Amino acid sequence: MTSSFSPILPFFSTLLFFSFALLFSAPFVAEAWSKPHIPISSLITKTLFDSFFLHKDDTACPAKDFYTYNSFIRASKSFPAFGTTGCLATRKREVAAFLAQISHETTGGWATAPDGPFAWGLCFKEEISPQTNYCDSTNTQWPCFPGKSYKGRGPIQLSWNYNYGPAGKALGFDGLRNPEIVANNSVIAFKTGLWFWMTEQKPKPSCHDVMVGKYVATEADIAANRTSGFGLVTNIINGALECGIPGDARVNDRIGFFERYTKLLNVDTGPNLDCAYQEHF
């Protein structure tokens, strides 16, 4: 007696199943792979930007009308990984961290300032009355140009010839002969801040890598208690002067801006906000 079972039927059933699976799943797979990252302009609208920097255009601020929203957005397009790496919370947290750090560097706030001390970021565009021209004459790769000052300028307060030189090379301006452009062109100003944020300068990791979870601590980092978080970013920026000092007012000011901005973005700050017990790089 021969069996009535046919091997052809299960073959077509299986084929039909996979055809329907592909039909209904393909658009979702394609969407998952092709969906673009949320642009900075969607993450940080002009309204939100203005709410961060409530007083940047006050007459009391020397940088009045310099740090525009449009300049920030234009500058960010030169660094496509900024604010677009990782999940939405990570993206928000990175942008909040960057804006908090540049706010501290350019703050015009004080303890009893209107709307609080953390509403006065981007008040200054260059260092006032510097005590030095920030020329490291021992750096022969980026030699100082006679008569030029490499004082703090722009949102990150770019300083020293060994930062102006490579920043200019990366961004297309002569940082050694024309450092003043950082305080005269708002797009370039924001670009220098983002360049510093995104660029690894060994043994320091980039601020970007820290905030998006790509930082991998070396043995030296572990021994120095350089744990990932906002505090490590402060260490990268100014650790030699601010880290390893419990309760440092400058560190707390940076944290204050960060906490305000993350709240406005409806995202948590993450751990390790200060660098009180970290050794500097």
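Some notes on this structure:
- Within the accessible area of the chain, the carbon and sulfur atoms contribute 59%, probe 1.4 Å, all protein chains present.
- Highest-MSF residue in the chain out of G247, G152, G121 [GNM, Cα springs under 10 Å]: G247
- Most fluctuating residue given options A183, A75, A220, as computed from a GNM of the chain linking Cα atoms under 10 Å: A220
- For the options E200, E242, E219, a Gaussian network treatment of the chain with springs between C-alpha atoms closer than 10 Å singles out E219 as fluctuating the most.
- The chain: relative contact order in percent, alpha carbon pairs under 8 Å with at least 6 residues between: 17
- Listed values for the range 64-70 are Karplus-derived 3J(HN,Hα) couplings in whole Hz (6.51 cos²θ - 1.76 cosθ + 1.60, θ = phi - 60°), namely 3, 6, 8, 8, 8, 4, 4, and x replaces Gly and Pro.
- Pair N178, R250: separation of 7 Å Cα→Cβ label points (nm): 3.1
- Averaged over its residues, the chain has an accessible area of 52 Å² per residue, based on protein heavy atoms and a 1.4 Å probe.
- Gyration tensor verdict on the chain (Cα atoms; rounded if a/c is under 1.5, prolate if a/b is larger than b/c, oblate otherwise): prolate
- Neighbours of A189 by Cβ distance under 9 Å: Lys/Arg scored +1, Asp/Glu scored -1, total +3.
- Local charge for T45 was computed over the other residues whose Cβ lies under 15 Å away, with Lys and Arg +1 and Asp and Glu -1, and equals +2.
- Only helical runs count toward this figure. For the chain, summing -39,500 (n - 2.57) over DSSP H runs of n ≥ 4 and dividing by all residues gives -14000 deg cm²/dmol at 222 nm.
- Here's how it looks for L158: its modeled amide H is under 5 Å from those of R153, which are all 5 or more places away or on a different chain.
The values are calculated or read from the model by the stated rules, or taken from the named source; none is laboratory data. Predicted model, so just to flag it, every value in this text is computed and none were measured. Positions of Cβ are generated from backbone atoms using ideal geometry, with glycine treated the same way; all protein chains shown enter the neighbour counts. Heads up: the accessible areas ignore ligands, DNA and RNA and are worked out on the full protein's heavy atoms, side chains in. Shrake-Rupley method; radii C 1.70, N 1.55, O 1.52, S 1.80 Å.
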